[in-house]
Structures are given as structure tokens and as C-alpha cells.
Amino acid sequence: MLLVILRKLRGSKIIVKIKEFSSVEQIEKALDKEISEIKSNLSKYLQRLDEICALAEKQKRVREVVMKLAGKKASAKNLGEIHLDGINVVLDANLLDEFTTLESVVSSHQKRLKKVQEARRDAASKTSRYIPR
């Protein structure tokens, strides 16, 4: 029996999980599964990010043209954004808001993927030296 302690950051809180595995192979399998899930989610987010980026650029150009024709300057401040305990709530969100949010989600997933891949490599290298398979 092998016990593994997992620590994840959720915002400003640390979530601790203790999982029991019967073999090193089971740990490696669990890490491989998590890596696969993260990659799948990341791929979906990146695809959506590309779509939103293209739409946001078009929206930005149209907005600039309309503002220019109206003789007005674009507001630099987003009046529909509220900050609550580290959470940004955007009211009446536009494509740029969605793009910014997705960028943050993608960055978070990339960091998580890197950490899980490092854990997988460490688990494989350390356990192979100390525990016979």
C-alpha cells in the first residue's frame, strides 16, 4: 500500500487529498489519466480562445470605426466590472472580456499540466530506484 498526498491550489486555499494506491503502476496510471484530461481541456480552451480572438479583433475594429464616426473616444475603464474577494465579476461581458478570462484559464491549465507532468516524471524516476516493480 502506498499513500500519496496531493496538494492543489484553489484560489488562495490549498486542498489536500490523500489517495491510496496498491502499486507504483497505479500511481503512474492516475497521473497519466490526469495529464490526459488536462491536455484535452486545454486543447478545447485553446481552440475557443482562437475563435474568440478573431471575433474580438473584428469587434474592436467595428467599435473603433463607430466611435470615430460618432466623434467619441472609447472608455478606458470597464464600468461593468466588480471585484469581490479576488473574483472579478463582469456584467454585460463582451468578447474581449471573454478572451481575457479564457487566457487566464489557459494559463492556469498550462501551469497545472506542467506540475502534473513533473510529478509523473519524478514518480517514475524516484520509485523505480527504491521500489521493485
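Things to note:
- Theoretical gain in end-to-end length, LYS17 to GLU98 [0.36 nm per residue, Cα-Cα removed]: 26.0 nm
- LYS68-SER108 FRET efficiency (beta carbon distance; Förster radius 41 Å; 0.05 resolution): 0.65
- Gap separating the Cα centres of segment 90-124 and segment 25-74, nearest whole Å: 11
Since every read-out is calculated from the coordinates, none of them should be taken as a lab result. Just so it is clear, the structure is predicted and the values come from calculations on it, not from any experiment. Quick reminder, even Gly has a Cβ in these numbers, built from the backbone with ideal geometry, and neighbours come from all protein chains shown.
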